[in-house]
Structure formats: structure tokens, C-alpha cells
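Trainee: Please see the structure below; I have some questions.
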């Protein structure tokens, strides 16, 4: 499995003539914590949607040797590509444990499904540990704090055995402390996985990104380390008047 | 990538799985069993017992609706179709069994050519009939479910579609005077697998069969609710798209619940026929399909016993109230429905849960 990486080549998404993603090519290696930034409407979420099968796209997106584009959503998930959403979407009526157990079970046969859970799968136990929700395992997910829900979602990606993690604004609405914890969490799990984070929060990006891709109007504007990207005059131009002064871009 | 599934489970410590106590459910199940199999036959007259038998059939449909709607989020307004399929299969068999030496059911001589259509013939066999009672509704539901859920039709669109099917099914039946009795339906059954249907002992036997079937269906649904499938079904109900991103096809999850609910409705229809003595398009169309739903909503659609108790209670109230105040029932039913939908979205079973929650937080 080592050496697998996510490679996008000339990915293009068009909605009724409007080009949302206009030929994006990028490569994300395992262990890289890649941040995908850009102004609103740059096509960040659409790009994630294309990779995960939510919208049709042309071009190519491969992980390992497998083509991801234009497959069914659940097939792509089974290939090891997981994502989160801007709004935390956990199963609120189920417990933390049940949420994770469902995420772990896409390969279960009918007989396993029709029986009760006799014990907690090991990967679920591990994930509870990693995301720090072990004590809340029997709590309904609906009563969790916002940050905890996002961590639960990340935990679900872990037990799902996702090796490509696409996170859409994971720290939006979090407190400074929660952001920090989330960043540490991403570092821990990112070492063995390929992680792409769509984010608006520039401070968070500066603290935790290993590399950054800047999208603008559906194209890659700049790519490199945080320092390189920040020094890029084209990036400054795009963000000028909005971010350069405050250091943060908000939607 | 999907080899994760079970390999680690045996090694994990058993004590970490905490479960809700199942004692209350077991007590509820025994209470329901005693009420139906011991209490009711002891205190009710034959007439009332037959009436209750009919309500038990409705309750079997309700158990399935609880699964599909309460847990699966599929507001199925067309269970009359599956109820009718099971009922007509049974009725066709009974008519063939009752037929005289020439093997032609009476009504066919009156309205038809006096010849039995080829597609009736298999139902001369009791075995084919029993299998078909479950298989025909299940297969139809599978076909419909595969077409509907894979196209991601859901919510109100699904509800309207299922209701339209019930309407179409009833209209189709009305048009078939010569082959399945048209508006009159099929009636006048004399025997049930060799047992005389006029004998009060056999009528009681039918009540026991229906009640035992209801209890069995409750057990089936109980196992589904406490299994991993039950958790997955709730997940699909609440966040269908999210489940897709976890690598499941939600359509398959929904089809299973829909098919089980349809099979239950078919079984209920088959039991309804000998107990009530008639099946006609009036019992399978839009109005009965909605009536099936009311008891489920009032009792509590996502609970195990809510649909059962609700279906029996509503049917019982309808009968006794319409005996005393013939024109009053409809208003009462409407008011009840409005009150429950407005104030008790989880039905009367939700009242208990409300108290439990208060206890927990205190």
C-alpha cells in the first residue's frame, strides 16, 4: 500500500455550461497534509465532490492504479476514499459506538448484519481512542458538542479504512482549543494516509499544512509550501483587500 | 479493502458492549401473548373474537409499516397492494377448493365463460398457495423497491407513488369481473384447508393462527431492530447520503425493509380472507391503505409495540364508536390523527419515552 498517492489530471466539472472546475491537476502523496484553499466559488468543494462521485467530471483522478472519477459514490468509498462535509453529518439518534460500527461495516455480509453486535470491533476501539471519545461511546451522537461531532466523523473515516481523507472545512465553527486539537489529530492520522483539507481558516492552515494548493476560478493558481504560496504575488492578488490585511478569509 | 469486516471481533473484550436491558421488551411481548392467546378467547364472545381476529390482521400489516416507515423512513401509503396480493392468492385457493366436481368456482359460471383461467390453476395446490402468499408480495415489492429506491425517489414522492399504486391496483381488480370477481371480490368461502369455516371451533382456531402469526412477526421485527441492520436502517432513514459515503448502497438497505413489510402485509391479507369471509377491491385500495397507517402513527411508528397496540386500538375504537355513534367516528379519527401528529410525533409510545428521558437527565 505504501507509495499510493492521489493523482488528479485535468479534472473538469461543468454545470450547464458553467465551468466550476477547469482542468485541475495535482498530486498528493501519502503523509502529506495538503490544504486546499481559495476564495469562495474557486471550486474546492466541487473538486471534492467530483473525486467522491457526487458530481460527474472529466479528466482523471486515480488512487493507486484505480480510476475514481464517475464511479458510484459507495463504490468509491469502498475503494478507500472517505470524506466529511461542511456541516457535521453524523447519525444523531445512534450512539457514538453505533456510528463508528456502521462506518466499519460496509463489507459485512447479510448474516452479520442480521445479528446483534457481540463485541466491539478492534478498529472501532482504536478509533475511539484516537479521536478521544472513548468515554462518550454510549452517548447519542446528537448530544455531542460541535467539535466532537467533527471528530466522530473523522473517526468514522478511520474505521471505514479510508486511505484518502477529504475533509471539507473540518474546523469551521470550532473554538481555538478545538482547532488545535483537530490539527494535532490530523497530523497523527495523516502520517499513514493521504489527507486533503479544504479550509478557509488561514491561521489553521499556517499551523498545520505541509503543502498548500490555491484554487482560483476552477484552476490551480499556486502550489507549494505555506511560505512559497504566501510569497506568490498571484495569490496575494487574489486575496488582496480581503485576506492580506486580516490574515483570514471568511465566507 | 473490505477484508476488515469480522476478523477482529472475536478478540475484543466482551464487557465493552453495553446493551439496553431487554427485559421490558420481553415483558411486553409476554403480556401481548397472554392478552391475545389467553385473555381474549376467555372473555370475548365468538362474534367479538372474530372481530379481534380481523384487527390482528391489521396489526400484522402495522408491524411491517412500523419497520418500513418508523425505522426506514419510507412512508408507504400503498400497503393495500401487498395486503390484497396475499388476500387474493388465498381467496383464489379457497374458491378452487370449494368448487364442485367440475373444479370451476361459482362466480365464474355466473359472470365468466365457465372456464378457469390458466393463471388460477397453480393455486389449486395448497403448497403453492402458502408459498405465493409470501413470495408474490415480496417479489412485487422487490421489483418496485429496486426501481424506486435506486432512482433515489423518496419522501413525499415515494408516498404519492405508493398511494397511486394502491389506487391503480384497486381499479385493476374492479375491472376483472369474470376472473377475480370485480367489485364483489371473492367471497362465500366454505372451507379453509379442509376445515369447515362455519364451525365455531375452526373460527377460534383461525383467531389463534392469526394471533400466533402476529407474535411471530413481532419477534422478526424485534430481531431486526436490535441487529446491526436495524442500526443501519436508522442511519439510512436519517442521513441517506452519508451512508452512501461510508460504502453502502442505501437502496439495498431500504429494499430489505420494504420487502419484509410487504411480505407481512401479504400474510395479513391471507389470514384476513378466512376470518372475514370476503376480499374485495374496497379492502385494498387507497382508503384502507391509509387506515393501516393511522394506527401505526397513533401507537408510535418507531417502537416495537406501538404499531400493534395502535392498530388494534384504533380498529376497536372505530367499531365500538361507529356502533354507538355511526356518524361520529370519522370526526373522532380525524381529531385523533391531528392531535397525535401535532403533539405526539412519536405516537402514544412516545409519552413513555418522554418520561424515561426525564428520569435519565434528573
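Here's the yes/no breakdown for (1) surrounded by fewer than 24 Cβ atoms within 10 Å (Cβ to Cβ); (2) away from chain A (no Cβ under 14 Å); (3) touching a residue at least 24 places away in the same chain (Cβ under 8 Å):
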| residue | (1), (2), (3) |
| --- | --- |
| B:256 | yes, no, yes |
| B:262 | no, yes, yes |
| B:272 | no, yes, yes |
| B:284 | no, yes, yes |
| B:289 | no, yes, yes |
| B:310 | no, yes, yes |
| B:313 | yes, yes, no |
| B:327 | yes, yes, no |
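Trainee: What tally of residues in the stretch A:141-151 results from selecting those that are in contact with a helix residue (DSSP H, G or I) (Cβ under 6 Å, 6 or more places away or on another chain) and within 14 Å of chain B (Cβ to nearest Cβ)?
Mentor: Final tally of qualifying residues: 1.
Trainee: Oh, and also: Output the helices (runs of 4 or more DSSP H) that fall wholly within the stretch A:167-247 and possess 2 or more residues being under 15 Å from the mean Cα position of the chain (by Cα), or say none.
Mentor: Ranges flagged: A:176-190, A:202-208.
Quick grid of which residues meet (1) at the interface with chain B (Cβ under 9 Å from one of its Cβ atoms); (2) touching a helix residue (DSSP H, G or I) at 6+ places or on another chain (Cβ under 9 Å):
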position: A:107; (1), (2): yes, yes
position: A:129; (1), (2): no, no
position: A:137; (1), (2): yes, yes
position: A:165; (1), (2): no, yes
position: A:179; (1), (2): no, yes
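Trainee: Which helices (runs of 4 or more DSSP H) sit wholly inside the stretch B:138-238 and have at least 3 residues that are more than 14 Å from chain A (Cβ to nearest Cβ) and at pLDDT 95 or above?
Mentor: Per the criteria, B:156-174, B:200-226.
Trainee: Sticking with this one: For the stretch B:44-120, which fully contained helices (runs of 4 or more DSSP H) count at least 2 residues that are within 11 Å of the chain's Cα centre (by Cα) and crowded, with 19+ Cβ neighbours inside 10 Å?
Mentor: B:46-65, B:79-98
Trainee: For the stretch A:51-61, what are the residues that are crowded, with 16+ Cβ neighbours inside 10 Å and more than 16 Å from the chain's Cα centre (by Cα)?
Mentor: Once the filter is applied, which keeps residues that are crowded, with 16+ Cβ neighbours inside 10 Å and more than 16 Å from the chain's Cα centre (by Cα), the stretch A:51-61 yields A:55, A:57, A:59.
Trainee: Is it fair to say residue A:119 is at pLDDT below 90, at the interface with chain B (Cβ under 7 Å from one of its Cβ atoms) and closer than 22 Å to residue A:171 by Cα?
Mentor: Spelling it out, it is not the case that residue A:119 is at pLDDT below 90, at the interface with chain B (Cβ under 7 Å from one of its Cβ atoms) and closer than 22 Å to residue A:171 by Cα.
Trainee: Inside the stretch A:104-133, can you point out the residues that are surrounded by 14 or more Cβ atoms within 10 Å (Cβ to Cβ) and under 14 Å from residue A:185 (Cβ atoms)?
Mentor: Once the filter is applied, which keeps residues that are surrounded by 14 or more Cβ atoms within 10 Å (Cβ to Cβ) and under 14 Å from residue A:185 (Cβ atoms), the stretch A:104-133 yields A:126, A:127, A:128, A:130, A:131, A:133.
Trainee: Follow-up question, since we're still on this one. Which of the following residues is in contact with a strand residue (DSSP E or B) (Cβ under 7 Å, 6 or more places away or on another chain) and within 30 Å of residue A:67 (Cβ to Cβ): A:198, A:226, A:235?
Mentor: A:198
Trainee: I would also like to ask the following. Applying the selection to the stretch B:123-136, what residues are farther than 19 Å from residue B:82 by Cβ and surrounded by 15 or more Cβ atoms within 10 Å (Cβ to Cβ)?
Mentor: Once the filter is applied, which keeps residues that are farther than 19 Å from residue B:82 by Cβ and surrounded by 15 or more Cβ atoms within 10 Å (Cβ to Cβ), the stretch B:123-136 yields only B:124.
Trainee: Here's another thing I want to ask about it. Name every residue in the stretch B:239-256 that is closer than 10 Å to residue B:149 by Cβ and either in a helix (DSSP H, G or I) or in contact with a strand residue (DSSP E or B) (Cβ under 9 Å, 6 or more places away or on another chain) (or both), in order of residue number.
Mentor: Residues satisfying the conditions are B:240, B:250, B:251, B:252, B:253, B:254, B:255.
Trainee: Continuing with this model, one more query. All but one of (1) assigned to a helix (DSSP H, G or I); (2) within 14 Å of another protein chain (Cβ to nearest Cβ); (3) surrounded by 21 or more Cβ atoms within 10 Å (Cβ to Cβ) hold for residue B:301, so report the exception by its number.
Mentor: (1)
Trainee: So, residue A:156, is that one within 12 Å of chain B (Cβ to nearest Cβ) and not in a strand (DSSP E or B) or not?
Mentor: yes
The rows are residues; the columns are (1) at negative phi; (2) without any contact (Cβ under 8 Å) to a residue 40 or more places away in the chain; (3) in a strand (DSSP E or B); (4) facing chain B (nearest Cβ under 10 Å).
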| site | (1), (2), (3), (4) |
| --- | --- |
| A:42 | yes, no, no, no |
| A:48 | yes, no, no, no |
| A:53 | no, yes, no, yes |
| A:56 | yes, no, no, no |
| A:60 | yes, no, yes, no |
| A:69 | yes, no, no, no |
| A:75 | yes, yes, no, yes |
| A:82 | yes, no, yes, yes |
| A:93 | yes, no, no, yes |
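Trainee: Can you spot a residue in the stretch A:18-32 that is assigned to a strand (DSSP E or B), on the phi < 0 side of the Ramachandran plot and free of Cβ contacts under 8 Å to residues at least 12 places away in the same chain?
Mentor: Yes, the stretch A:18-32 contains a residue that is assigned to a strand (DSSP E or B), on the phi < 0 side of the Ramachandran plot and free of Cβ contacts under 8 Å to residues at least 12 places away in the same chain.
Trainee: Counting just the residues of the stretch B:329-362 that are closer than 20 Å to residue B:293 by Cα and not in a helix (DSSP H, G or I), which one comes out modelled with the lowest pLDDT?
Mentor: B:345
The values are calculated or read from the model by the stated rules, or taken from the named source; none is laboratory data. On a predicted model such as this, the values are computed, not experimentally measured, just so you know. Cβ: placed from backbone, ideal geometry, glycine included. Neighbour counts: every protein chain shown.
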